[in-house]
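Input: a single structure, listed below in structure tokens.
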Amino acid sequence: MQFVSTPRLLKDAKAQKEFEKAYQDFNADFWLPLSPEIRKNLNTFSITEEQILPLLAFLLRHKFLIPILSEAPEHIRDIFGYETKLSLDLDRDPEGKFEELFVVVKTMGSTEEAIDLLGKLDEAWFLKVLPKTRNQLNITVEIQGKTR
């Protein structure tokens, strides 16, 4: 098991509030244990610095998503290609009534091609695991600019 240091005061006030909500008895610096599954996901997906603690808190509250996230990259890359970049984006209602995690598939193809590949991914894998997500996980595509 790996550990990550969690500071008493976080730079991002939203992250601080989210973290304190997840850990009601939070009162000092401490070490948060990371399971191998969470660590693997942190290494596989691109995650912005401001979302890391809210994302960890979300995953600790929704542990049923961890196995799905662990298998997602293989299925996505089988359809979109091995070099496909993936990121996680936690979408939260400002009033805190709704939150959903998105796997963002970054592709260089056209919009039509991306939609077609997303449909293939749905048929091959995602629709089978969708009930297990409990409406807390979705997959979206982001079209990247062409590089020379």
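Could you please let me know if Phe64 is surrounded by fewer than 16 Cβ atoms within 10 Å (Cβ to Cβ), within 20 Å of Gln136 (Cα to Cα), of a type in the set (A, V, I, L, M, F, W, C) and at pLDDT 85 or above?
The answer is yes for Phe64.
Filter the range 92-127 down to the residues that are among the charged types (D, E, K, R) and more than 22 Å from Asn43 (Cβ to Cβ) and list them by number.
First pass over the range 92-127, keeping only residues among the charged types (D, E, K, R): 92-93, 95, 97, 99-100, 106, 112-113, 116, 120, 122-123.
Passing the criteria: Arg92, Asp93, Glu95, Lys97, Glu99, Glu100, Glu112, Glu113, Asp116, Lys120, Asp122, Glu123.
(1) exposed (fewer than 15 other Cβ atoms within 10 Å of the Cβ); (2) in contact with a Pro (Cβ under 6 Å, 6 or more places away or on another chain); (3) at pLDDT 90 or above: which one isn't true of Leu90, the others all being true?
(1)
Can you find even one residue in the range 72-79 that is closer than 30 Å to Asp116 by Cα, basic (Lys, Arg), at pLDDT 70 or above and in contact with a strand residue (DSSP E or B) (Cβ under 7 Å, 6 or more places away or on another chain)?
Applying the first criterion (closer than 30 Å to Asp116 by Cα) to the range 72-79 yields 72-79.
Narrowing the set further to residues that are basic (Lys, Arg) leaves 77.
From what's left, at pLDDT 70 or above: 77.
Adding the requirement that they be in contact with a strand residue (DSSP E or B) (Cβ under 7 Å, 6 or more places away or on another chain) leaves none.
No, because not a single residue in the range 72-79 is closer than 30 Å to Asp116 by Cα, basic (Lys, Arg), at pLDDT 70 or above and in contact with a strand residue (DSSP E or B) (Cβ under 7 Å, 6 or more places away or on another chain).
Scan (1) in contact with an Asp or Glu (Cβ under 6 Å, 6 or more places away or on another chain); (2) exposed (fewer than 11 other Cβ atoms within 10 Å of the Cβ) for the single condition Arg134 breaks and write down its number.
For Arg134, the exception is condition (1).
Can you say whether Glu95 is farther than 25 Å from Glu37 by Cβ and surrounded by 14 or more Cβ atoms within 10 Å (Cβ to Cβ), as far as the supplied structure shows?
Spelling it out, it is not the case that Glu95 is farther than 25 Å from Glu37 by Cβ and surrounded by 14 or more Cβ atoms within 10 Å (Cβ to Cβ).
Applying the selection to the range 41-52, what residues are outside any helix (DSSP H, G or I) and either acidic (Asp, Glu) or over 14 Å from Ile139 (Cβ atoms) (or both)?
Ser46, Ile47, Thr48
I'd like the full set of residues that are hydrophobic (A, V, I, L, M, F, W, C), under 18 Å from Glu71 (Cβ atoms) and out of contact with any helix residue (DSSP H, G or I) (no Cβ under 7 Å at 6 or more places or on another chain), limited to the range 106-148.
Leu118, Phe126, Leu127, Leu130, listed by residue number.
The values are calculated or read from the model by the stated rules, or taken from the named source; none is laboratory data. Worth saying up front: this structure is predicted, and the values here are computed from it rather than measured. Cβ atoms come from the backbone with ideal geometry, glycine included; neighbour counts cover every protein chain shown.
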